[in-house]
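In what follows, a single structure is set out as structure tokens and then discussed.
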Number of protein chains: 2
Amino acid sequence: MPVTDQAFVTLVTNDIYCQGALVLGKSLRNHNTSRQLVIMITSQVTSRMRGILAHVFDVVVEVSTLDSADSVRLSLLKRPELGITFTKLQCWTLTQYTKCVYMDADTIVLCNIDELFDRVELSAAPDSGWPDCFNSGVFVFKPSVETFSHLLRFAESHGSFDGGDQGLLNSFFNTWAVSDISKHLPFIYNLSISSVYTYKPAFKQFGSEAKVVHFIGTPKPWNLKYNPQAKCVVEDESLSGHQHLSFLTLWWELYISDVLPLLTETEDLERSSCEQEKATTTGALHHVGQIELLMKNDHPPPVYSPETPADYADWTLPDCKAEHHAFDDTVEGQDLQVPTETCLEQPVTQDDTPMVFLLDVFTNHLSPFCLLNHLLSLIDTSITVFQMKNIGLSFFKIYN
Amino acid sequence: MPVTDQAFVTLVTNDIYCQGALVLGKSLRNHNTSRQLVIMITSQVTSRMRGILAHVFDVVVEVSTLDSADSVRLSLLKRPELGITFTKLQCWTLTQYTKCVYMDADTIVLCNIDELFDRVELSAAPDSGWPDCFNSGVFVFKPSVETFSHLLRFAESHGSFDGGDQGLLNSFFNTWAVSDISKHLPFIYNLSISSVYTYKPAFKQFGSEAKVVHFIGTPKPWNLKYNPQAKCVVEDESLSGHQHLSFLTLWWELYISDVLPLLTETEDLERSSCEQEKATTTGALHHVGQIELLMKNDHPPPVYSPETPADYADWTLPDCKAEHHAFDDTVEGQDLQVPTETCLEQPVTQDDTPMVFLLDVFTNHLSPFCLLNHLLSLIDTSITVFQMKNIGLSFFKIYN
């Protein structure tokens, strides 16, 4: 039974974080939340992305930034560093709901967590850095114009000790650590990683009970390399000994299964309905992540013949023509930066060594998504060796 | 008014950790605690060190290790990994006290914290790694043979998820995170460091309220280099960006002002009363830390004349003779490792560059302490340049 007066709320200020919000929203949907899904966005989010968000969230609401004109907000201009903080605080203005759970866009839920709505404002889990502060990545709150107004005045007079919403909210709700244990959400509702040596054994003991994972700090899951064949995040130095590989993998699995199709479907729709508009809506490229594809030598290599595109029959890309201009030098300066070189991690050889392709994923750019989707469709079928002197270039030469 | 039925309790299992316990004990005394100070020690602590501990603690009590013979304890032998855990649990057997506060030997108090005795068992501060666990470095407990027995049985049947007392105690007192906010000691009663990015601003905001600092993990304060002239811990790579430098410095200040004199006084006493026994009581060397002394060019350098010990008149060491054998090849093999080479960090030059001496500090070894004490007495007076081709060797040649 849907509960229409309560909502999960998140916030994004650009198209990159939308990738996270879409995964979060899908994870809530997949675990059958009965609550509404609301996403607050700022003006930086492109109209194409807004359309995609509307496929997952019940409400997409644009919130203002510090250029607003009313006096309370203007007073905050004295503290320009609190811009994003101010933006997040606007969740308290969602008074069409009686209670909400705010969740950062870099979180993912692992099960139904609707029981959080049994809690009262302000309930939150302890921060793993300074555990007498709550982490403001997940919190239960009650929308109220009055509270919002108090928060703004408090921000104006006290500022935020960390320059963000967490410092401000902890100063405002400053009895959290000592007053009411029921306002302490278990850490498994906002599980973040820590390098403190006591974390590892506790994670081993309690990690399986995790309900919400919060990918705090860097790297964000969408900045990682993912190999959909091995179904794992590609480990590099930054991930050495990382306790949360399985959660990062889970994020990517959901991204590939539930979010990428959304992006490409929307793209297909747009392509057919408003082909002419595309050039103006694409805007700047936002680098998201990398997908690694290992090209195995399951088949004998095709004859090397750069003049004959037919040699790459196994790589037929149905929309070659439509994709062409995205990698054409003549359309937008940024497109020149599309990774013709960086998509190749290993030097190309003529021998039988499997090769690793790194496909960069961009938001707000049609072709990489289509291309990606096509490549992914190959993964579970057959992958033909594709050896060229300059595989990156040739790979994209197909589009010509 | 002394409260004789309540006590602060700590534990050491070797002479090195005694350095920490002595600083902790002195910090409690300096802040006028009205409670008893109890230290539990194991058989590895040398008799000389026991004597020194008795100068600071009201009670020095040896507790057993797993070789005990009673049946409950023997049952724990099935889990030999819990040896140290078992040792710590014995604080519950101190039933001469109605309530105690346990503190790890790597903690230091910054003010009077007797108010902790207002709390009930089991009160503790959250762990900065996994904040739904309490950190077992500081906790309020009620000695009880019954609780002790339950703990042992629990340990036998459940083990410890981290192989130590923290895992065991968190599993035993497993409602800490959710049941009673009054059992949550504020984090400032067990402030440990964290590299989580949220820690830094929170420390800047709340760090000045710290009451107990806990030097978790590595490096321990006694493993650092300290410069008593600059009154600071010498930063190296392991301390880069360390938030707790001021606390580490505080630890060393207390160590030099209150603990080293104890060690040297005891040494003087021992030297006069039982010179003959010394060789047998010194035992193995335990490397503790390093003290860095910068030799400034405040005076013209003395004439270099290696054959004339009188040239080093400014370095008269009153007990040269007594110290001699400590650096003599003929007394104990370990003594050969005394840092004649390592005491010198920079290559020796004949020019006016100030030189840095690194004096290694050892426990259970008389001479380094006396030497150190003498050097420290020079710090606030005058320091004469002391340039030699091989300063380390020559430095100790004085003893010959």
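A short reminder: the numbers here are calculations on the coordinates, not readings from a lab. What you are looking at is a predicted structure, and each value in this text was computed from that prediction instead of being measured. Neighbour counts are summed over all protein chains in view; Cβ atoms, including those assigned to glycine, are modelled from backbone coordinates with ideal geometry.
Across peptide B:162-174, the mean count of Cβ atoms from other chains lying within 10 Å of each residue's own Cβ comes to 2.
Ranked from shortest, the separations from the 7 Å Cα-to-Cβ label point of A:Lys142 to its equivalents in the other copies are 3.6 nm.
Using a 10 Å cut-off on Cβ to Cβ distances, tally the other chain neighbours for every residue of B:120-128 and report the average as a whole number. Averaged over the peptide's residues, the number is 3. The label-point distance for A:Lys231 and B:Ser246, in a model that sets each label 7 Å from Cα toward Cβ, rounds to 5.2 nm. Residue order for B:Arg35, B:Arg153, B:Arg119, fewest other beta carbons within 10 angstrom first, comes to B:Arg153, B:Arg119, B:Arg35.
Take the Cβ-Cβ distance between B:Arg50 and B:Phe154 as r, set R0 to 35 Å, and report the resulting FRET efficiency rounded to the nearest 0.05.
0.65
Label-to-label distances for B:Gly163 across copies, nearest first, come out at 4.0 nm, using points 7 Å from Cα in the beta-carbon direction.
Here A:Asp258, A:Asp162 are placed in order of increasing Cβ neighbour count within 10 Å, fewest first, which gives A:Asp258, A:Asp162. Each part gets one Cα centre, and for region A:158-206 versus region A:1-59 those centres are 24 Å apart. The mean number of Cβ atoms from other chains found within 10 Å of a Cβ in peptide B:189-199 is 6, as a whole number. Placing a label point 7 Å from the Cα of B:Val59 along the Cα-to-Cβ direction, the distances to the matching points in the other copies come to 6.2 nm, shortest first.
Go ahead and run the numbers for FRET between A:Ser238 and B:Val61, Cβ-Cβ distance against an R0 of 45 Å, rounding to 0.05. Plugging the Cβ-Cβ distance into 1/(1 + (r/R0)^6) gives 0.40.
Note on B:Val178, B:Val101: ascending count of other Cβ atoms within 10 Å places them as B:Val178, B:Val101, the fewest first.
With the cut-off at 30 Å, tell me which of the pairs A:Lys220/B:Lys225; B:Lys204/B:Lys231; A:Lys88/B:Lys200; A:Lys220/B:Lys211; A:Lys142/A:Lys231; A:Lys204/B:Lys231 have Cα atoms farther apart than that. Before the final figure, lay out each step's value.
Values: A:Lys220/B:Lys225 38 Å; B:Lys204/B:Lys231 22 Å; A:Lys88/B:Lys200 22 Å; A:Lys220/B:Lys211 36 Å; A:Lys142/A:Lys231 40 Å; A:Lys204/B:Lys231 42 Å.
The pairs that break the limit, which is 30 Å between Cα atoms, are A:Lys220/B:Lys225; A:Lys220/B:Lys211; A:Lys142/A:Lys231; A:Lys204/B:Lys231.
The order of the peptides A:165-173, B:36-44 by mean Cβ neighbours within 10 Å, most packed first, is A:165-173, B:36-44.
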